[in-house]
Amino acid sequence: MLYLIPTPLGNLKDITLRSLEVLQQVDVILCEDTRTSSKLLNHYQIQKPVSPYHQHNEHKIVEHIVEQLKSGKTMALITDAGTPGISDPAFLLVRECIKQDVKVESLPGATAFVPALVNSGIPTNRFAFEGFLPLKKGRQTMMKKLVEEERTMIFYESPMRLVKTLEEFITYFGAERQCSVSRELTKLFEENNRGSLRQVADHFKSKTVKGEIVVVVAGKE
């Protein structure tokens, strides 16, 4: 049995009672970064064997993990923050488990784009989650496709690339297109900045940007 366990975005209280119960019961906890996960596990006094599972080793060890699951072990997969599989490792392991008839259960919990979307003031009835845009190859092609997107669009971005990406959005979508940038969700210095792409870009040009970032952009009218 493989459990996919969402973990808090920042505030350690944002984890479900059921998630804590499962983490206490499994044989092994697979972690994107064992150092990051140890803060959460130690906080809740969860003492279970941990094993690294991330984008750099998943192709090499996925078959070994599935064999352990088939032999009777129960495992939980957690990432540094949020729900496994949403711009984080999980897909390869889940796909292989399904192929090998290993039961997979995903628990509900924190995902960064949901609070960013619902507090954006931009329509939430239809949306497209795009995650991280390609850094180089395919980026321009993707931008051109998104020009015609009528649904609200959601992106993840790094602090160092935020302003550059907002400027690209202005080029393709227009300076007056509405957007919202959420930074450090659930943490002490949480920030939600809303307005036109030009207003939001100018805001972040004037400061040092830190933390995890979600960008919500209105679709084409």
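The values are calculated or read from the model by the stated rules, or taken from the named source; none is laboratory data. A quick note: this is a predicted structure, and the numbers were derived from the prediction, not measured. Counting neighbours? That spans all protein chains shown, and the Cβs are built from the backbone with ideal geometry, glycine included.
Filter the range 14-47 down to the residues that are assigned to a strand (DSSP E or B) and farther than 14 Å from Ala81 by Cβ and list them by number. Walk me through how you get there before you give the answer.
Kept after step one, since they are assigned to a strand (DSSP E or B), are these residues of the range 14-47: 28-31.
Matches in the range 14-47: Val28, Ile29, Leu30.
Residue count for the range 12-34 under the criterion of being under 23 Å from Pro115 (Cβ atoms), touching a Leu at 6+ places or on another chain (Cβ under 9 Å) and of a type outside the set (Val, Ile, Thr): the result is 5. Screening the candidates Val114, Val163 for the property of being in a helix (DSSP H, G or I), at pLDDT 95 or above, touching a Lys or Arg at 6+ places or on another chain (Cβ under 8 Å) and not acidic (Asp, Glu) yields one hit, Val163.
Applying the criterion of being among the polar types (S, T, N, Q) and under 28 Å from Gly131 (Cβ atoms) to the residues of the range 42-55, the residue that is farthest from the chain's Cα centre (by Cα) is Ser51. For Ile78, indicate whether it is over 30 Å from Arg194 (Cβ atoms), of a type outside the set (S, T, N, Q) and touching a strand residue (DSSP E or B) at 6+ places or on another chain (Cβ under 9 Å). Yes. Out of the range 31-50, which residues are crowded, with 16+ Cβ neighbours inside 10 Å, under 26 Å from Ile98 (Cβ atoms) and out of contact with any helix residue (DSSP H, G or I) (no Cβ under 7 Å at 6 or more places or on another chain)? Correct list: Glu32, Ser37.
Is it the case that the range 124-133 has a residue that's closer than 19 Å to Glu32 by Cβ and in a loop (DSSP other than H, G, I, E, B)?
So the first thing to find is which residues in the range 124-133 are closer than 19 Å to Glu32 by Cβ, and the list is 131-132.
Subsequent filtering for residues that are in a loop (DSSP other than H, G, I, E, B) retains 132.
Checked the range 124-133: at least one residue is closer than 19 Å to Glu32 by Cβ and in a loop (DSSP other than H, G, I, E, B).
Within the range 56-89, which residues are in a loop (DSSP other than H, G, I, E, B), within 14 Å of the chain's Cα centre (by Cα) and not small (Gly, Ala, Ser)? Write out each step before concluding.
In the first step, residues of the range 56-89 are kept if they are in a loop (DSSP other than H, G, I, E, B); the result is 56-57, 71-74, 79-81, 83-89.
When the remaining residues are screened for being within 14 Å of the chain's Cα centre (by Cα), the result is 79-81, 83-89.
Of everything in the range 56-89, those that are in a loop (DSSP other than H, G, I, E, B), within 14 Å of the chain's Cα centre (by Cα) and not small (Gly, Ala, Ser) turn out to be Thr79, Asp80, Thr83, Pro84, Ile86, Asp88, Pro89.
Looking only at residues of the range 206-221 that are under 23 Å from Lys145 (Cα atoms) and under 22 Å from the mean Cα position of the chain (by Cα), we find that the one that is surrounded by the fewest Cβ atoms within 10 Å (Cβ to Cβ) is Gly219.
Scanning the range 149-164 for residues that are closer than 15 Å to Gln178 by Cα and surrounded by fewer than 19 Cβ atoms within 10 Å (Cβ to Cβ) yields a count of 3. For the range 191-211, filtering for residues that are charged (D, E, K, R), closer than 17 Å to Val118 by Cα and touching a residue at least 40 places away in the same chain (Cβ under 8 Å) leaves 1.
Sort through Met142, Met153 and tell me the only one that's aliphatic (A, V, I, L, M), in a strand (DSSP E or B) and in contact with a Leu (Cβ under 8 Å, 6 or more places away or on another chain).
Values: Met142 fails: in a strand (DSSP E or B).
From the options Met142, Met153, the qualifying one is Met153.
Among the residues in the range 185-205, are any assigned to a strand (DSSP E or B), crowded, with 18+ Cβ neighbours inside 10 Å and at pLDDT 95 or above? Checked the range 185-205: no residue is assigned to a strand (DSSP E or B), crowded, with 18+ Cβ neighbours inside 10 Å and at pLDDT 95 or above.
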